[in-house]
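The values are calculated or read from the model by the stated rules, or taken from the named source; none is laboratory data. Here the structure is a predicted model, which means the values were calculated and not measured. Here the Cβ positions follow ideal geometry from the backbone for every residue, glycine too, while neighbour counts run over all protein chains shown. Protein only, heavy atoms only, side chains kept; ligands, DNA and RNA dropped before computing areas. Shrake-Rupley method; radii C 1.70, N 1.55, O 1.52, S 1.80 Å.
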Amino acid sequence: MEISTFKKLIVSILLLLPLASGWAQSAKVTGIIQDASSGEPLIAATVQVGENGATTDVDGRFQLELPAGKHQLLMRYIGYEDLKQTIQVEQGEIKELELQLQPTATILDVATVTSGKYEKPLSEVTVSMEVIKPKLLEATNTTSLDQVLNKVPGVSIIAGQANIRGGSGWSYGAGSRVLLLVDDIPALQADAGFPNWADVPIENAEQIEVVKGAASALYGSSALNGIVNFRTGYAKSEPETQIATFGTVNMSPKDKDKQWWDSPPYQVGMSILHKQKFNKLDVVASAYGLTRNGGVIQNTFNRYARVTLGTRYRISDNFSVGFNSNFNRGKGRSYFYWQGNGENAYIGDSTTESNSNRLRYYIDPFITYFDKSGIRHKFMGRFHRIDNKNDGDQSNGSKLFYGEYQIQKKVESIDLVVTAGLVGIRTNITAELYGDTSYHSNNTAAYLQLEKKFFNKLNLSAGVRYERNQIEGPKNVIVGTEIIPIDETDQTEARPVLRLGANYELTPATFLRASWGQGYRFPTIAEKFISTASGAADILPSPTLESETGWSAEVAVKQGFLLGSGWSGYIDVAAFWSEYNDMMEFRLTQIFPRPAFQSLNVGGTVIKGLEFSLAGQGKIGEVELSALGGYTYIDPKFKEFTEDELYSSSVDYNVLKYRFKHSAKIDIQADFKKFFVGAGYIYNSHIEAVDLVFETIIPGLKDFRWANDSGAHVMDARLGYEVFEGAKASVVVKNLLNNEYMYRPGVLSAPRNVTFRLEYSF
């Protein structure tokens, strides 16, 4: 070959290289995935093209590189119908897509996060879970979260303490076995481990998830009996404002001799909520105020105001930061128990009067980052300050510092989700309640959970958590007249907890599940070191108190159903079994010179039971329907019924105190074009056993319990009307039958009451 010819060939090849590289270029596909009804971006939706895939970021955006040609895209998101779309791309082309997914009509596909710390449909969770939507809170004029939890099958509230399937009784305001979360962060009071329900911003509810059974492996010590996770809402594409005001008036009791008032006791309240996006900044702000001037119990009152502010700023497509905050200021007066049955039923015993002036607030910073490999990094923090100024030497104050770092990886190719995290909690507590001294506690933990799906039908999960607890305080504690030295080893403890779960899709609407989880609860500072008096009794410290441990298991089937083309729901049947070791209870430990209670380890307990639950939602014709209900039976017993239990209990047979063996409840609402109508019913069987001493020192209690031993039937009804677009007026009647019942000794329930509510959304 001549040199000139060779040069021409080289030049030709060099001239063709740019064209060849153009032929080799792939196309780029970018887009955004949104909710078809609201236009909201869907975060962490998946886009699949053969073996390639991508996940949407915090703005609902995704990006893929594909070879030239025709491709089929499959878009998926929990709670939405799958979307398939065929596209044609050319070499080097950049194609922009705007895709919208339709929400699914079936309640089984409702997205939940609490069971595994990531979104999955309700039908696939491996534990019993119930979901409450904000519509129910608004329709029933719920003023605090615990009120609506009473409508959940298997859940009962006694004097503010949550009890799931009999796992708790009543512990005098200290030591909850049900963990309250607000946006996945524990929200129990640091010293007493007790939920302050009035701090929960119900005006900004997005979804409430209730997990039944031990959840300590993922969430720590206080989740021994279950979890209530309150999830707040973020700003949407259009600004939203909601204003509501309400007033409640109590009617006369069925027994007119019990009425002490000339003008009826009442309460009034108001809330305002605003959500808005400002370019990359999301802002949510709310305010809530309630005044109960003259409660049903004479000379009681409760007034508080709550302000919340939340922000989220999107630094980039995969990086966002923000914070949530909550400030609550209030005061009130209450009594521990009544003066007696009859005309004194709604008059508190003056020796048990308590006046409080409180300030509580928290600030929660957070960071979310998706790295290039698709791993989600998440940091959640909290500073929680509580200052309760009470009379009777019962003031307490605490500071809590919380931090959690979590990573999560979804391996789409093998249907595996890996979640791991580190948690650290530090508290500083100073209180008259605890001998007017200071205590510090430390909690550190590491957890790991794996969730794997096989054959697109079998979902298996396994989790482990290693937790260390420590209390720092004085070297000696005074119990009565005795000085007890504290061994430092009694104040430090570390242990692992495990959980396993399985869910199998037997048919497209039938799901079998089984779970087993260990539970663990370290004593609170209140249970160990409280030293105070209430009425005729003293409450003494118990510095040698040990942790509760145990396990909970269940087998269940969830059957979905579809009526017509618009009404869907499920029936869930579960058999459960829980066993606890060294369960803690406040017990009478002395009678003379004054009765005294201490928190003690009372031995092992066994709780077996069955639960049937029902939920449904959808439309029949032009009517939107929703329903939630169920029946729960429990058999709560001590493993060994000893003389100590006999001495403590009001009955002479083996049954745990403050439990309902039978509980049935149902709530139904129908929404028409301009109005809605709803009704609720709750039946709780008689509490068979209470503390024996209460039937002795509380006047008239024993006679009332004997005369009302057939259980409590409670009904409510509601009606609402859309006055004009965005404006709604409603009326709610609670305790419609005006029945008398008592869940906590010495505190009679409120008589029939009527609430009027006005709300306006724009």
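For the reader, a short list of remarks on this structure follows.
- Of the accessible area of the chain, computed with a 1.4 Å probe over protein heavy atoms only, carbon and sulfur atoms account for 58 percent.
- Accessible area in the full protein assembly, largest first, 1.4 Å probe, for F762, F641: F762, F641
- Of the cross-linked pairs K120/K410; K528/K657; K133/K399; K275/K410; K133/K608, those separated by over 23 Å at the C-alpha level are K133/K399; K275/K410; K133/K608.
- Proximal aspartates and glutamates to K673, defined as alpha-carbon separation beneath 20 angstrom and excluding residues fewer than eight positions away on the same chain: E138, E622, E624, E722, E725, E759
- With the convex hull of the Cα atoms taken as the outline of the range 637-687, the averaged projected area works out to 4.8 nm².
- Applying 1/(1 + (r/R0)^6) with r as the Cβ-Cβ distance of V411 and K639 and R0 = 60 angstrom yields a FRET efficiency of 0.90.
- 1.4 Å probe accessible area per residue over the range 327-438, in Å²: 45
- Binned Cα-Cα distances of the range 685-762, short to long, each 10 Å bin given as a whole percent: 16, 34, 21, 15, 11, 3
- Each residue of the range 192-197 was assigned a 3J(HN,Hα) from its phi angle through the Karplus expression (A = 6.51, B = -1.76, C = 1.60, θ = phi - 60°), giving 9, x, 10, x, 9, 4 Hz with x at Gly and Pro.
- Working from Cα pairs under 8 Å separated by at least six residues, relative contact order for the chain is 10 percent.
- Take the Cα radius of gyration of the range 160-284 and divide it by 2.2 N^0.38 Å, N being the number of residues; the result is 1.40.
- Three principal axis extents of the range 456-562 based on alpha-carbon atoms, in descending order, are 66, 34, 15 Å.
- Each DSSP beta bridge with both residues in the chain is either parallel or antiparallel, and the antiparallel ones are about 95%.
- The protection proxy used here, the mean number of other Cβ atoms lying within 10 Å of each residue, ranks peptides 336-349, 498-511 as follows, highest first: 336-349, 498-511.
- Across the options F278, V249, N390, the greatest Cα extent toward the positive end of the charge dipole of the chain (unit charges at beta carbon of Lys, Arg, Asp, Glu) belongs to F278.
- Pairwise FRET efficiency - K277 versus E81, Cβ, R0 = 30 Å, nearest 0.05: 0.70
- Over 29 Å between alpha carbons, listed pairs K28/K409; K258/K734; K212/K409; K372/K452: none
- A viscosity of 0.890 mPa s and a temperature of 25 °C, combined with the Kirkwood radius over Cα pairs in Stokes-Einstein, give a translational diffusion coefficient for the chain of 87 µm²/s.
- For the range 124-205: accessible area per residue (Å², 1.4 Å): 17
- Simple spin-label estimate for L359 and Y760 gives 3.4 nm between the two label positions (7 Å along the Cα-to-Cβ direction from each Cα).
- If you wrap the tightest convex hull around every Cα atom of the range 575-707 and split its volume per residue, you get 152 Å³.
- Relative contact order computed over the range 279-411 (Cα-Cα under 8 Å; 6+ residues apart), in percent: 18
- Projected over every direction and averaged, the convex hull enclosing the alpha-carbon atoms of the range 214-273 yields 8.9 nm².
- Principal semi-axes of the equivalent ellipsoid, √(5λ) from the alpha carbon gyration tensor of the range 89-191, are 38, 16, 14 Å from largest down.
- Dipole magnitude (debye, nearest 20) for the chain, charges at Cβ of Lys, Arg, Asp, Glu: 1320
- Over the range 459-569, accessible surface divided per residue gives 43 Å², non-protein components excluded, 1.4 Å probe.
- Förster-model FRET efficiency, 45 Å R0, Q91 and K236, C-beta, rounded to 0.05: 0.70
- For the range 147-216: rounded, prolate or oblate by the Cα gyration tensor [a/c cutoff 1.5]: rounded
- Normalised radius of gyration (Cα atoms, divided by 2.2 N^0.38 Å) for the range 339-468: 1.66.
- Of the peptides 738-744, 190-196, 237-243, the order by per-residue mean of other Cβ atoms within 10 Å, starting with the highest, comes out as 190-196, 738-744, 237-243.
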